[in-house]
Amino acid sequence: MLSSDGNHFPGVNRPMTIPMERVETRILTIRGHRVMVDTDLAEVYGVPTRAQNQAIKRNAERFPEDFAFRLTAEEKMELVTKGRAINGEPGSSGGYRVC
């Protein structure tokens with residue numbers, strides 16, 4: 001359910017002004033799509049990864065069908081070996097979901 005300001009995340013009731021450089025450095029190209037790892041996207045919005053993923057799951061009909069997908073083990077390993085750390089925040093997908 002959306003809060004009165006249209007936000008999907010409970011407790012986040014402030015205008016979102018995010019510096020572009022904070023976002024641009026986290027965008028990756030995977031399977032020919034420009035994406036962000038779930039943990040990075042949650043950090044940009046200042047919400048726990050678990051809450052973000054639950055909101056996406058609960059509101060799936062509000063997002064395009066290809067909004068999020070899970071990385072294969074090989075894709076995850078490639079990101080890790082390229083020095084792209086994927087943190088395993090408790091309750092997160094461990095970096096397997098990209099949006």
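The values are calculated or read from the model by the stated rules, or taken from the named source; none is laboratory data. Worth saying up front: this structure is predicted, and the values here are computed from it rather than measured. Quick reminder, even Gly has a Cβ in these numbers, built from the backbone with ideal geometry, and neighbours come from all protein chains shown.
Identify all residues within segment 34-53 that are over 19 Å from Met77 (Cβ atoms) and not hydroxyl-bearing (Ser, Thr, Tyr); write none if there are none.
The answer is Arg34, Leu41, Ala42, Glu43, Val44, Gly46, Val47, Pro48, Arg50, Ala51, Gln52, Asn53.
Can you confirm whether Gly11 is over 26 Å from Thr72 (Cβ atoms) and modelled with pLDDT of 85 or more? Don't jump to the end; show me each part of the working.
Working: over 26 Å from Thr72 (Cβ atoms): yes; modelled with pLDDT of 85 or more: no.
Judged against the criteria, Gly11 is not a match.
Of a type in the set (S, T, N, Q), at negative phi and either in contact with a strand residue (DSSP E or B) (Cβ under 7 Å, 6 or more places away or on another chain) or at pLDDT below 85 (or both) - does that describe any residue in segment 42-49?
no
What pairs come up if the first residue lies in segment 23-40 and is touching a residue at least 60 places away in the same chain (Cβ under 8 Å), the second is loosely packed, with under 11 Cβ neighbours inside 10 Å and hydroxyl-bearing (Ser, Thr, Tyr), and their beta carbons are under 9 Å apart, counting only those six or more places apart or on different chains?
Val35/Thr29
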